[in-house]
1. Could you tell me how many of the residues in the stretch 114-129 are farther than 13 Å from VAL64 by Cβ and among the aliphatic types (A, V, I, L, M)?
2. Listed residues GLN142, GLN148, GLN155; which is free of Cβ contacts under 8 Å to residues at least 60 places away in the same chain and under 29 Å from ILE55 (Cβ atoms)?
3. So, ASN76, is that one open to solvent by less than 40 Å² (accessible area, probe 1.4 Å), modelled with pLDDT of 95 or more and touching a Phe, Trp or Tyr at 6+ places or on another chain (Cβ under 9 Å) or not?
4. Is there a residue in the stretch 141-163 that is in contact with a Ser or Thr (Cβ under 7 Å, 6 or more places away or on another chain), modelled with pLDDT of 90 or more and in a loop (DSSP other than H, G, I, E, B)?
5. Going by the structure shown, is TYR58 at pLDDT 95 or above, surrounded by 13 or more Cβ atoms within 10 Å (Cβ to Cβ) and either on the phi > 0 side of the Ramachandran plot or among the hydroxyl-bearing types (Ser, Thr, Tyr) (or both)?
6. Of the numbered conditions (1) assigned to a helix (DSSP H, G or I); (2) open to solvent by 40 Å² or more (accessible area, probe 1.4 Å); (3) at pLDDT below 95; (4) under 29 Å from GLY156 (Cβ atoms), GLU47 fails exactly one; give the number of that condition.
7. Mind checking which residues of the stretch 179-202 are touching a helix residue (DSSP H, G or I) at 6+ places or on another chain (Cβ under 8 Å) and in a loop (DSSP other than H, G, I, E, B)?
8. Quick one: would you say SER170 is surrounded by 15 or more Cβ atoms within 10 Å (Cβ to Cβ), closer than 30 Å to GLU207 by Cα and hydroxyl-bearing (Ser, Thr, Tyr)?
Amino acid sequence: MAHLRTWILAIFSLIVITAAEAQVIGTVNFDFDSSALDAEALAHIAEIAEELKTIDSYKPTAVVGYTDAVGTNGYNLGLGQRRANAVAAELVRLGVQVDRIGQVESRGEADLLISVSTPERANRRVNVTLDQMLAACRSFRQIAITRQSIGEELQGDLRNYLATARTQFSAFRSNGQNTPAFEVAGAAREACEIAVAYDMQAIRKVEYAKRCMCNSARLQVAMGQLAP
């Protein structure tokens with residue numbers, strides 16, 4: 001039984017991690033201690049801009065800057081932000097709509113691609129992705145989707161959130177773990193079931209899609225897979 005419980009927990013943890021992954025559109029690299037866009041960076045950004053113009057998605061674009069591990073955490077957060085700002089500004093200059101770009105942020109030296117304390121170009125990067133829109137939220141009203149967001153892409157995401165919530169809820173119930181995470185899993189399962197079931201033209205589909213996404217985010221926070 002202990003082995004079965006371990007296996008179940010491993011499976012739903014994998015599902016959470018997979019659901020949180022964003023779709024990467026492109027990556028721009030930088031010289032050491034620099035936020036300047038060299039010729040290679042400009043060429044990559046131009047490719048990213050053209051691809052973004054062809055994508056019909058309800059998800060906003062996320063532009064996230066990173067650094068290598070050289071320097072203090074505070075300095076690297078600022079450097080990562082300058083890099084993200086530079087890429088976002090160039091995307092706008094190339095014709096990417098301002099309202100298409102959502103978060104522009106820095107994670108500094110967090111999430112190193114290559115775990116070294118020395119200068120490493122691969123770690124000095126900006127990732128441009130389609131945001132999964134899962135973030136800790138106090139209210140479902142914070143989720144930025146509208147009736148125009150409703151389509152097969154969103155419906156597919158809602159089904160994925162529902163599958164994850166069902167798996168986690170069943171695992172918690174099997175283990176007898178009446179925890180806050182179990183309660184959130186139940187709330188996510190209920191909201192996602194309703195959201196998926198509503199007709200694509202139903203007025204309340206947007207509301208329950210927001211509830212589904214918000215509770216799914218809360219569940220990831222409770223599971224330690226998403227920062228609060």
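1. 3
2. GLN155
3. Against the criterion (open to solvent by less than 40 Å² (accessible area, probe 1.4 Å), modelled with pLDDT of 95 or more and touching a Phe, Trp or Tyr at 6+ places or on another chain (Cβ under 9 Å)), ASN76 qualifies.
4. Among the residues of the stretch 141-163, not one is in contact with a Ser or Thr (Cβ under 7 Å, 6 or more places away or on another chain), modelled with pLDDT of 90 or more and in a loop (DSSP other than H, G, I, E, B), which makes the answer no.
5. Judged against the criteria, TYR58 is not a match.
6. For GLU47, the failing item is (3).
7. Passing the criteria: THR179, TYR198, ASP199, MET200.
8. It is false that SER170 is surrounded by 15 or more Cβ atoms within 10 Å (Cβ to Cβ), closer than 30 Å to GLU207 by Cα and hydroxyl-bearing (Ser, Thr, Tyr).
The values are calculated or read from the model by the stated rules, or taken from the named source; none is laboratory data. Note that the structure is a prediction, hence the values are computed from the model and not measured. As a convention, Cβ positions derive from the backbone with ideal geometry for all residues, glycine included, and neighbour counts pool all protein chains shown. Surface accessibility is based on the protein's heavy atoms, side chains included, excluding ligands, DNA and RNA. Shrake-Rupley method; radii C 1.70, N 1.55, O 1.52, S 1.80 Å.
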